[in-house]
Amino acid sequence: MREAPIAVFDSGVGGLSVLAEIQQLLPNESLLYLGDCGNIPYGEKSPAFISQRCSVMAQFFQQQGAKALVLACNTATVAGVADLRRDFPEWPIVGMEPAVKPAAAATRSGVVGVLATTGTLQSAKFAALLDRFAADVRVITQPCPGLVELIENGDLHSETLRQLLQGYVDPLLAEGADTIILGCTHYPFLKSLLKQMIPQNISLIDTGAAVARQLQRLLAERELLAEGPAGATRFWTSADPEHFRNILPVLWHSTGVVQSFDL
């Protein structure tokens with residue numbers, strides 16, 4: 001089981017940002033990635049639908065012989081991680097959540113901004129994070145409709161994207177936020193563009209690296225860390241494999257074999 005692959009899934013291509021953090025920290029591990037692009041965005045779907053998709057994809061990865069599962073999606077984690085941990089107790093399972101705790105610790109102005117999907121911001125889990133970790137800071141939330149869809153098309157630099165992102169960032173800056181949480185796995189791909197829009201003293205925080213460290217800890221506890229060498233990363237998508245294949249050089253900085261995932 002040590003050399004079995006790690007499975008990662010997201011509603012689309014955003015989880016590739018998490019996959020990159022895992023590969024960097026755990027270079028000996030073989031990786032599997034599934035983007036449920038045919039159903040994006042998850043933020044517009046019901047929790048029951050998302051949980052069912054999570055279960056279907058987990059069963060698929062079980063058939064692929066995966067030794068661990070990462071939900072590289074905040075919305076999927078909110079809707080599905082509890083059921084997955086109940087139904088697949090043999091697996092280490094790692095989910096995502098907005099980095100409220102480190103952001104609250106990092107802010108100097110006492111104001112934290114959050115860029116996230118509407119589904120994440122409206123979730124009870126996000127409200128609980130604020131209650132637990134942000135009692136002493138002011139949190140300004142900003143839903144970002146449209147960003148995920150542009151990133152899914154490989155758009156990281158267009159004027160349309162720039163204007164949309166500027167409109168989401170400006171209210172946070174106006175309120176004095178000095179720390180901004182990237183509350184969706186798609187958003188780290190916009191870091192270079194964001195840094196052009198914000199003063200140098202403002203921190204951008206996401207959770208990809210923390211997820212990789214948690215995965216490493218859980219694998220080590222179960223003596224499941226691979227000795228390597230890693231196999232080639234394999235990809236699946238529930239949408240057009242050709243489109244996903246064309247996105248990989250932009251977001252993954254490499255090519256790869258992409259197969260169709262059909263429920």
Among (1) under 19 Å from the mean Cα position of the chain (by Cα); (2) farther than 30 Å from S203 by Cβ; (3) modelled with pLDDT under 95, P98 falls short only on (2)
For segment 110-154, give me each residue that is in a helix (DSSP H, G or I) and hydroxyl-bearing (S, T, Y). T118, T120
Assuming S55 fulfils every condition listed in (1) farther than 23 Å from D83 by Cα; (2) touching a helix residue (DSSP H, G or I) at 6+ places or on another chain (Cβ under 8 Å); (3) of a type outside the set (A, V, I, L, M); (4) surrounded by fewer than 16 Cβ atoms within 10 Å (Cβ to Cβ) apart from one, which condition is it? (1)
Per the filter on segment 78-109, residues of a type outside the set (A, V, I, L, M, F, W, C), touching a residue at least 40 places away in the same chain (Cβ under 8 Å) and closer than 30 Å to A174 by Cβ are E97, P98, P102, T107, R108, S109
Would you check which residues across segment 230-251 are assigned to a loop (DSSP other than H, G, I, E, B) and closer than 17 Å to D36 by Cβ and list them? S238, A239, D240
Scanning segment 225-263 residue by residue, those out of contact with any helix residue (DSSP H, G or I) (no Cβ under 7 Å at 6 or more places or on another chain), within 19 Å of L26 (Cα to Cα) and not basic (K, R) turn out to be A226, E227, G228, P229, A230, G231, A232, T233, H253
Filter segment 18-56 for residues that are under 16 Å from T77 (Cα atoms), part of a helix (DSSP H, G or I) and either outside the structural domain of G80 (by TED's automatic domain parsing) or of a type in the set (S, T, N, Q) (or both) and give the result. N39, S51, Q52, S55
Just one of the numbered conditions (1) under 28 Å from N246 (Cβ atoms); (2) in contact (Cβ under 8 Å) with a residue 60 or more places away in the chain; (3) of a type in the set (A, V, I, L, M, F, W, C) is not true of V114; which one? (1)
Quick check: is even one residue across segment 211-229 farther than 30 Å from P89 by Cα and among the aliphatic types (A, V, I, L, M)? no
Residue set L219, L190; condition of a type in the set (A, V, I, L, M), touching a Lys or Arg at 6+ places or on another chain (Cβ under 9 Å) and modelled with pLDDT of 95 or more; output residue L219
Enumeration of residues in segment 205-223 that are surrounded by fewer than 19 Cβ atoms within 10 Å (Cβ to Cβ) and outside any helix (DSSP H, G or I): R222, E223
Taking the criterion of being on the phi < 0 side of the Ramachandran plot, touching a Ser or Thr at 6+ places or on another chain (Cβ under 9 Å) and not in a helix (DSSP H, G or I), would at least one residue in segment 159-176 satisfy it? no
What number of residues within segment 123-166 are within 30 Å of R245 (Cβ to Cβ) and small (G, A, S)? 3
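The values are calculated or read from the model by the stated rules, or taken from the named source; none is laboratory data. Keep in mind the model is a prediction, meaning the values are calculated, not measured. No Cβ is skipped: glycine too gets one built from the backbone with ideal geometry, and neighbour counts run over all protein chains shown.
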